[in-house]
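Working notes for the structure below.
Just so it is clear, none of the values below were taken in a lab; they were calculated from the coordinates. Quantities reported herein were computed from a predicted structural model and do not represent experimental measurements. As a convention, Cβ positions derive from the backbone with ideal geometry for all residues, glycine included, and neighbour counts pool all protein chains shown.
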Amino acid sequence: MTHTPTAPPRKDPDAAPRTARRTGLRWLAVTTAVTLTLLLYGALVHAPQDRLQGPVQRIFYLHVPSAWVGMLAFLVVFVASIGVLMTRSRRWDRVAASSAEVGVVFTTVVILTGMLWARPMWGVFWSWEPRLTSYFVLWLMYVTYLALRSYVVEPDRRARYAAVLGVVAFLNVPLVYVSVRLWRSLHPGPVVANPDGPQLPGEMLAVLLVGIVAFTLLWLLLLWLRVDLAARRDALEAREAMTS
Amino acid sequence: MSTWRAATRIAAKDLRIELRTRDVLTAIGLFALLIVVVTSFSLPTTGVHRDAVAAGVLWMAFLFSILLGVGRAVAMEYEDACIDGLVTSPVPRESIFLGKVLSNLAFVVAVQVLILPIAVVLLQLEPGRGIGLLALTVALATLALVALATLFSTMAVHTRTREVILPVLVVPFAIPVMIAAVKATEVALAGGTPVAATSWLLVLVAGAALFLLLGLATYRHLVEE
C-alpha cells in the first residue's frame, strides 16, 4: 500500500454543531408539516359541524392558535428585549426582531380570520368587539416596533431603542385590554354573542389543541429561520464594514 | 446632587429658555387652538352627542400639541449638543428624563389652562359640577402622555426621519390613555363627579405610573453614547 502524503483535512470547528442544527431544523420542519396536515384534516373533516354557525365556525381552528402564537411571539420579544438591555448582546436583538416580525404576521392572520368570521356571523367585517380591537391595537404597536427598527441606522442604537419599545409595548397590553373592554361595555352597541363558551365538545377541543401545537411548531420554525437569516445578515454587514 | 434636585434644575433651565424665546408655548398654544377650531368645523358640535364630540375634540387638540411641544423641546437638547453636556455631568440619567418631563408638563399645562376656557366657550360646554373631574382627568392623562412622548422623542431624534416619526411612535401606545381620557372628559362635561368615572381614572393612574416608571427605568439605555 503506497502512502500518499495528503494534507490533513481542514478542521472546521463549527462543522459538528452546524450539522446538528441542520438536522434539528429538518426534524422541526417535518413535525410541523405533519401536525399542520393533521390540523387541516381535524378542522375540515374530524371536527363536528357547529349547529348554529355552520362551516364558518371551522375558521376558529386557525383563529385561536394564531392568537395564541401572536401573544407567545410578543412575550418572547419582551423577554429578548430585557436580554438586550441587560447584556447588549446582538443575539438577543436578533431574537427580538425576528419574533416581532413573525408575531405581526400571526396577528394579521388573527385579524383577517376574525373579519372573515364576523361577516357571516355579525353581518359586518369589522366590529369594535373588545378582543378584536385589542389585537388591532397590539398589531399597531408591533408594526410601529418594526417601523422604528427600519428608521434607526446604527445597529447598536437600533437594538437598544427597539428593546425599550419592546418592553413598553408588552407592559402596555393589559392597559389596552382593560381600556378597550371598559370602552365597549359602557358604550351601547350591537350585542355581540360570545362565540366560544367554555363548553366545547371533545372533538372540537381536540382539534383546537392540535391547532395550538401545530401553530406553535410553525412559529418555532419561522423564528428559527428568521433568526438564522438575521445572523447571516449581521455577519455580512460586519464583513462589509471590515473590507470597506 | 439628588435625582429630584437635578431634575428641577434641568426643568428650570428649560423654563428659562422658554421664557426668553417663547418658541414652544406660542407654537403649541396656537396649534391647540387651531385644532379645536378646525375639528369644530368638521364635526357636529350640537345635538345629543355634544359632550362626546367635545371630549374628542379637546383630546385631539391636547394629544397633538403634546406631540409637537415635546418633540420640539427634546430635539432642542440635541442642537448645539446640550445633551452631551447633560450626559457627562455628574447627575443621574433619570434626572434628565424627569427634568424634561417636568418642563414639558409645565408647557403643556400652561397651554391647557389657556385652551380649556376658550373651548368651553366655542363648543358651548357647561361642565358645572364636573369641573373637578375635568381637572383631575386632564392632569392624569397629560402626565401619562407627556412621560410617554418624552421617552419616545429621545429615540425619534436619532432616526432617519427625526421628529416626523414621533406621532407614529406615540399614538399606538397612547390608545388606552386616550380612550380613558376622552371617556372621563365626556362624563365630566355632562356634570359628573370623579365617583362617576372611577374605572377611567384608574386606567389613567395606571397609565401615568406605567409610563413614568418605564421612562425612569429605561431612559439611561437611550442616552448612552
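Of the candidates A:Val76, A:Val69, the single residue that is more than 14 Å from every other protein chain (Cβ to nearest Cβ), buried (at least 24 other Cβ atoms within 10 Å of the Cβ), in contact (Cβ under 8 Å) with a residue 24 or more places away in the chain and in a helix (DSSP H, G or I) is A:Val69. Does the range A:139-148 contain at least one residue that is of a type outside the set (Asp, Glu) and over 20 Å from A:Met71 (Cα atoms)? Yes: the range A:139-148 contains one or more residues that are of a type outside the set (Asp, Glu) and over 20 Å from A:Met71 (Cα atoms). Go through the range A:50-73 and report how many residues are within 16 Å of A:Leu205 (Cβ to Cβ) and among the basic types (Lys, Arg). Residues in the range A:50-73 being within 16 Å of A:Leu205 (Cβ to Cβ) and among the basic types (Lys, Arg): 1 in total.
Counting only residues that are surrounded by fewer than 11 Cβ atoms within 10 Å (Cβ to Cβ) and aliphatic (A, V, I, L, M), which one in the range A:31-56 is farthest from the chain's Cα centre (by Cα)?
Residues of the range A:31-56 surrounded by fewer than 11 Cβ atoms within 10 Å (Cβ to Cβ): A:45, A:49, A:51-52, A:55.
Cutting the leftovers down to aliphatic (A, V, I, L, M) gives us A:45, A:52.
Numbers: A:Val45: 26, A:Leu52: 31 Å.
Per the stated criteria, the residue is A:Leu52.
Please specify each residue of the range B:144-186 satisfying the condition of being among the charged types (D, E, K, R), farther than 27 Å from A:Trp183 by Cβ and not in a loop (DSSP other than H, G, I, E, B). Result: B:Arg162, B:Glu163. Evaluated against (1) within 16 Å of the chain's Cα centre (by Cα); (2) more than 10 Å from chain B (Cβ to nearest Cβ), A:Trp117 falls short on exactly one condition, (1). Looking only at the range B:167-203, which residues are facing chain A (nearest Cβ under 9 Å) and of a type in the set (S, T, N, Q)? Passing the criteria: only B:Ser199.
Checking each residue in the range B:8-40 for being hydroxyl-bearing (Ser, Thr, Tyr) and loosely packed, with under 14 Cβ neighbours inside 10 Å picks out B:Thr21, B:Thr26. The number of residues in the range A:129-181 being more than 21 Å from B:Ala144 (Cα to Cα) and more than 7 Å from chain B (Cβ to nearest Cβ) comes to 17. Are any residues in the range B:20-48 over 16 Å from B:Val113 (Cβ atoms) and assigned to a helix (DSSP H, G or I), and if so, which ones? Hits for the range B:20-48 are B:Arg20, B:Thr21, B:Asp23, B:Ala27, B:Leu34, B:Ile35, B:Val37, B:Val38, B:Thr39, B:Ser40, B:Phe41, B:Ser42.
The set of residues in the range A:86-110 being more than 12 Å from the chain's Cα centre (by Cα), surrounded by fewer than 20 Cβ atoms within 10 Å (Cβ to Cβ) and part of a helix (DSSP H, G or I) consists of A:Met86, A:Thr87, A:Arg90, A:Arg91.
Tell me whether the range B:123-130 contains one or more residues that are in a helix (DSSP H, G or I), more than 30 Å from A:Arg88 (Cα to Cα), out of contact with any strand residue (DSSP E or B) (no Cβ under 7 Å at 6 or more places or on another chain) and not basic (Lys, Arg).
So in the range B:123-130, the residues in a helix (DSSP H, G or I) come out as B:128-130.
If we keep only those that are more than 30 Å from A:Arg88 (Cα to Cα) as well, we get B:128-130.
Imposing the further condition that a residue be out of contact with any strand residue (DSSP E or B) (no Cβ under 7 Å at 6 or more places or on another chain) reduces the set to B:128-130.
Right, trim to not basic (Lys, Arg) and you get B:128, B:130.
Yes, the range B:123-130 has at least one match.
Scanning for something touching a Pro at 6+ places or on another chain (Cβ under 6 Å), in contact (Cβ under 8 Å) with a residue 60 or more places away in the chain and under 30 Å from B:Val121 (Cα atoms), does the range B:58-68 turn up at least one residue? Yes, because at least one residue in the range B:58-68 is touching a Pro at 6+ places or on another chain (Cβ under 6 Å), in contact (Cβ under 8 Å) with a residue 60 or more places away in the chain and under 30 Å from B:Val121 (Cα atoms). Residues that are in contact (Cβ under 8 Å) with a residue 60 or more places away in the chain and under 16 Å from B:Met60 (Cβ atoms) within the range B:113-143 comprise B:Ile115, B:Ile118, B:Ala119, B:Leu122, B:Leu123, B:Leu125, B:Thr137, B:Val138, B:Ala141, B:Thr142, listed in sequence order.
Of all residue pairs spaced 6 or more apart or on separate chains, those with beta-carbon atoms under 6 Å, a first member in the range B:182-205 that is under 8 Å from B:Thr137 (Cβ atoms) and a second member that is crowded, with 21+ Cβ neighbours inside 10 Å and basic (Lys, Arg) are B:Trp200/B:Lys183.
The set of residues from the range B:68-115 being buried (at least 19 other Cβ atoms within 10 Å of the Cβ) and either small (Gly, Ala, Ser) or assigned to a loop (DSSP other than H, G, I, E, B) (or both) comprises B:Gly69, B:Gly71, B:Ala73, B:Val91, B:Ser95, B:Gly99, B:Ser103.
Taking the criterion of being more than 8 Å from chain A (Cβ to nearest Cβ) and in a helix (DSSP H, G or I), the residues of the range B:212-225 that qualify are B:Leu212, B:Leu213, B:Gly215, B:Leu216, B:Ala217, B:Tyr219, B:Arg220, B:Val223.
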